[in-house]
1. Would you mind checking the radius of gyration and Dmax of segment B:1-154 based on alpha-carbon positions, in Å?
2. Compare B:51, B:103, B:131 in a GNM of chain B, Cα atoms joined below 10 Å, and give the one with the largest fluctuation.
3. Evaluate E = 1/(1 + (r/R0)^6) for residue A:11 and residue A:236, where r is the Cβ-Cβ distance and R0 equals 41 Å; express this FRET efficiency to the nearest 0.05.
4. Expressed as a fraction of 2.2 N^0.38 Å, the rule-of-thumb size for a compact globular protein of N residues, what is the C-alpha radius of gyration of segment A:76-190?
5. Could you check the simple spin-label distance between residue B:7 and residue B:32, using points 7 Å along Cα→Cβ, in nm with one decimal?
6. Only bridges whose two residues both fall in segment A:16-323 count here: according to DSSP, what percent of them are antiparallel, nearest 5?
7. Could you list A:70, A:221 so that the one with the fewest beta carbons within 10 Å of its beta carbon is first and the one with the most is last?
8. Rounded to the nearest 5, what % of DSSP beta bridges with both residues in the protein assembly as shown are antiparallel?
Amino acid sequence: MEPNPDPTIAAPDLSVQLGPLHLKNPVMTASGTFGYGEEYASLTDLGKLGALVVKGISLLPRAGNPPPRIVETPAGMINAIGLENVGVEVFLSVKLPYLCGLDVPVIANIFGNTIEEYAGLAERLDGAPGLTAMEINVSCPNVKEGGMVFGTDPAMTAKVVEAVRRKTSLPLITKLTPNVTSIAEIARAAEGAGSDILSCINTVAAMAVDVYSKRPRLANIFGGLSGPAIRPIALRCVYEVTRAVKCPVIGIGGIASAADALEFMLIGARAVQVGTANFVDPTITAEIIEGIRLFLEAEKIAALSDFIGTLDTSCLFPFAEDACGSIEI
Amino acid sequence: MEKVLETARIICRESLAPLIVRLRLHSPGISAAARAGQFVMLKVREGIDPLLRRPFSFHRIHPDKGEIEVLFRIAGRGTLALSKLGPGDPVSLIGPLGNGFELPLDRTTQIAFIAGGIGIAPLGELIAQALSGPGQTQKAHLFYGARSASELLPEDIVSQFGLRVHFATDDGSFGYKGRVTKLFEEFTARADEDFRPAEVYSCGPLAMQYHVAKWALENDALSQLSLESLMGCGIGACLGCALPAADCGPGDDQRFVHVCEDGPIFSAGSIKWNQILIQQSPPPTYLFS
Ligand SMILES: Cc1cc2nc3c(=O)[nH]c(=O)nc-3n(C[C@H](O)[C@H](O)[C@H](O)COP(=O)(O)OP(=O)(O)OC[C@H]3O[C@@H](n4cnc5c(N)ncnc54)[C@H](O)[C@@H]3O)c2cc1C
Ligand SMILES: Cc1cc2nc3c(=O)[nH]c(=O)nc-3n(C[C@H](O)[C@H](O)[C@H](O)COP(=O)(O)O)c2cc1C
Ligand code: FES
């Protein structure tokens, strides 16, 4: 860290309170983009992170989709990994113990294909030493309901959140999908069912094709778009969600700089997650944390919480008074 | 061995063929730890176009000078941008990544190197190591093919590798007319040549690697194939670089290996070749010439 230029001014306070969850700074890694932390350990200081969200976990290991699984598109990438993961038992016996040794809050991201799977996972993870919170990925097909994605229906979203809530007292985050007509409606359902925090967005449904081979770029045909390309969509979603619920919201989508992160916090996100940008620059989270600190210092804002949600949409007509007064323009 | 993030400087850039460029980079941290067959994730320029890093093998490693060489073929936006850089320009690297080749301990075994197109890149360092060092040098031949003569490295550069080289082109514009793997199969079957490799090292398009794998399995030869996949991160985090594994996972019908972590070097028998779904064909070269 740069030394504070004026030692009489206290360093800005970057800590944030998200309902029951207290973080030393607002920058987390997004699920599926940071492995289980270990992959990045030699490249960046994991201890600096506000929290580390691990790759999505299911009850049983999952092999994932056949390749090709990823493709780059303008300012982003589409992935159809198919939620490959080691399963909850290996997570608990191998991955989590490693992370426990580091000074960073660990958040487990969980998913299932039935409500029972979500509940079973929550039960298995509850009380695991070193686990700070759980994030529910509701962007998964419900196999018992014809494959409809849980997170696209308010009632199904609520059922998942309720089932998980009953099994754990850990802080609970519900991660929303943008692939819905009204994200505000789903947000209200998740909050009503007991989610302490909401995070949004997951990837945006997308596809890519190749005119030369005349084939889809992904074996799965469809995938999820992430990276800077989706930031404006994410910003709009976070804006709608923060205005629909009372609980704290985590902004996710295309964040690749401190300025990007601050945009989300300006509109009301209490914290952010950084995804695809980790692939490009493994040290990006540390740079974002430092950039936020420099911004607060330069803008003379004592605490990040004083900045969050200060978007001004009121005074959009600065000359309105003049127009009403003597001068007519 | 730790992977590092390092800003390298381009020392030298040479155009070796219409679409093939060789870069020499000053990258002391990475060159000190690099092994033949490993690779770096390279950011061709700052910003979001292209967004992701691109994987490139070590073509040569010079730890004494703190340098590495990368040999690449212009195949799209990223490599086109990279081809425009010159001496003094910085590029960000993560490496060394992946497992790397292992040469046989017994220096008397016969080995074959098979390269298709830009697949010659990682074999450069491997061949240099096989032919140097104390004692006997390895008895080795290189089989090197491409679609046409213009996509091969110039003969004088290849002859500097210092071993017997057999060229092939699909269109017959240089050397044997036909697939390089066919040339290889025919040569190893010749009665007048005493060349029965116990191990093959290969790099090239998947269609070529499939034939190498088949030969190795049918002839009970050891094999080390440098395989490719599209990569998001190069360090095992995104799980984007999967290939179908030959063996199954517990209670699962298909398991996947990850090229960046488990590879890029695989034995022929570790991949389920008939489950490789879509062949991504590179875009036609007329886009770049
Ligand atoms: C471990 C590894 C080592 C490699 N080493 C070298 C090397 O030493 N020299 C070299 O020239 N190339 C190498 N490649 C391939 C190289 O990474 C791609 O050619 C490059 O990423 C293309 O980027 P682009 O932006 O120019 O093309 P894009 O516009 O991204 O794509 C152009 C075409 O190239 C294909 N392509 C893109 N990325 C890859 C990839 N990773 N593997 C295979 N095809 C790809 C695409 O499907 C597309 O058809 C290596 C790949 C891997 C996985
Ligand atoms: C390769 C990849 C894998 C992902 N895996 C998961 C996952 O397992 N669970 C999940 O909730 N989100 C997953 N995501 C979504 C990200 O966590 C994030 O919501 C999304 O990528 C948008 O953020 P970004 O633009 O910063 O990447 C994944 C994204 C990518 C690119
Ligand atoms: S490229 Fe990301 S896991 Fe291999």
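1. 15.7, 50
2. Highest fluctuation among the options: B:51.
3. On the way: r = 33 Å, r/R0 = 0.81.
It comes out at approximately 0.80.
4. That ratio works out to 1.09.
5. Simple spin-label model gives 1.9 nm for this pair.
6. Restricted to segment A:16-323, the bridges split so that about 40 percent are antiparallel.
7. Details: A:70 26, A:221 12.
The fewest-first ordering by Cβ neighbours comes to A:221, A:70.
8. Antiparallel bridges: around 50 percent, rounded to the nearest 5.
Every number in this text was worked out from the coordinates using simple rules, so none of it is lab data. Only a predicted model underlies this, so the values are computations on that prediction, with no experimental measurement involved. Neighbour counts are summed over all protein chains in view; Cβ atoms, including those assigned to glycine, are modelled from backbone coordinates with ideal geometry.
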